[in-house]
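Asks: My structure is below; once you've seen it, I'll send some questions.
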Amino acid sequence: GAVVSQHPSRVICKSGTSVKIECRSLDFQATTMFWYRQFPKQSLMLMATSNEGSKATYEQGVEKDKFLINHASLTLSTLTVTSAHPEDSSFYICSARTWRGGNEQFFGPGTRLTVL
Amino acid sequence: AQSVAQPEDQVNVAEGNPLTVKCTYSVSGNPYLFWYVQYPNRGLQFLLKYITGDNLVKGSYGFEAEFNKSQTSFHLKKPSALVSDSALYFCAPRGTSGSARQLTFGSGTQLTVLP
């Protein structure tokens with residue numbers, strides 16, 4: 001149990017376009033979902049935290065108009081990178097937390113975004 | 001504010017030898033402590049956690065970690081390393097109230113097990 005999926009696993013897009021990444025909790029309801037960004041050989045940096053049905057809370061320095069997060073249901077959150085630029089190229093990882101079992105977080109497999 | 005330190009960017013160990021990946025943390029109150037492993041181009045996989053109870057926690061793939069409150073450490077250990085253990089390891093403490101309930105990730109330690 002406690003599986004989190006992400007789609008797509010890899011995406012290449014042109015500069016100026018928008019890209020949507022989906023994160024789903026497959027077998028549990030996630031009270032909270034998190035979006036992280038990871039540069040090569042670096043740690044995970046939390047971008048934003050979202051609760052179902054409410055606006056996401058963004059970390060300092062993360063542009064909310066650029067990284068749109070929608071948490072429409074207890075099993076789905078989406079991250080849309082708007083007007084993507086090459087510097088947005090990164091590995092994006094989502095995580096979902098359930099209220100059961102000590103509020104443990106489960107991580108998706110990640111999405112590799114490359115902006116040309 | 002909570003923080004975590006993984007003092008070693010890289011740990012090399014020969015296959016069959018014991019391994020230790022170090023982690024120290026700073027969290028107000030009683031922390032929850034986690035270790036995750038990441039293989040190339042993959043998400044994080046949960047290894048083990050400390051919530052309360054016995055200071056020695058056993059987790060997946062033969063890994064264990066010891067919670068040391070006085071030293072605020074939570075070092076990851078394995079008695080006999082395998083080549084397949086080579087990966088990036090993250091220590092992540094978490095507070096238990098308010099905004100501190102989110103994980104704070106260490107910088108990561110690249111473990112290489114040499115055959």
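The values are calculated or read from the model by the stated rules, or taken from the named source; none is laboratory data. Because the structure is predicted, anything quoted here is derived from the model rather than measured. Note: ideal-geometry Cβ built from the backbone for every residue, glycine included; neighbour counts use all protein chains shown. To get the accessible areas, we keep the full protein, side chains included, count just its heavy atoms, and leave off ligands, DNA and RNA. Shrake-Rupley method; radii C 1.70, N 1.55, O 1.52, S 1.80 Å.
Asks: What strands (runs of 3 or more DSSP E) lie completely within segment A:37-116 and have 1 or more residues being buried (at least 20 other Cβ atoms within 10 Å of the Cβ), within 12 Å of chain B (Cβ to nearest Cβ) and more than 10 Å from the chain's Cα centre (by Cα)? Spell out how you get there, then give the answer.
Replies: Values: elements: A:44-51, A:67-73, A:76-81, A:90-97, A:105-107, A:111-115.
Qualifying strands (runs of 3 or more DSSP E): A:44-51, A:90-97, A:105-107.
Asks: Residue check, residue B:107 against (1) closer than 20 Å to residue A:40 by Cβ; (2) in contact with a strand residue (DSSP E or B) (Cβ under 6 Å, 6 or more places away or on another chain); (3) at pLDDT below 95, all met but one. Which one?
Replies: It fails just one condition, (2).
Asks: I want to confirm something. Restricting to segment A:12-36 and keeping residues that are more than 9 Å from chain B (Cβ to nearest Cβ) and closer than 29 Å to residue B:9 by Cα, which single residue is surrounded by the most Cβ atoms within 10 Å (Cβ to Cβ)?
Replies: Step one: of segment A:12-36, the residues more than 9 Å from chain B (Cβ to nearest Cβ) are A:12-31, A:33, A:35.
Keeping just the survivors that are closer than 29 Å to residue B:9 by Cα gives A:33, A:35.
Values: A:33: 29, A:35: 27.
Step by step, filter segment A:12-36, then rank; the result is A:33.
Asks: Would you tally the residues in segment B:13-23 being open to solvent by less than 20 Å² (accessible area, probe 1.4 Å) and assigned to a strand (DSSP E or B)? Give the steps one after another, and end with the answer.
Replies: Within segment B:13-23, the first condition is being open to solvent by less than 20 Å² (accessible area, probe 1.4 Å), and the residues that meet it are B:13, B:19, B:21, B:23.
Those still in the list that are assigned to a strand (DSSP E or B) too: B:13, B:19, B:21.
Within segment B:13-23, residues that are open to solvent by less than 20 Å² (accessible area, probe 1.4 Å) and assigned to a strand (DSSP E or B) number 3.
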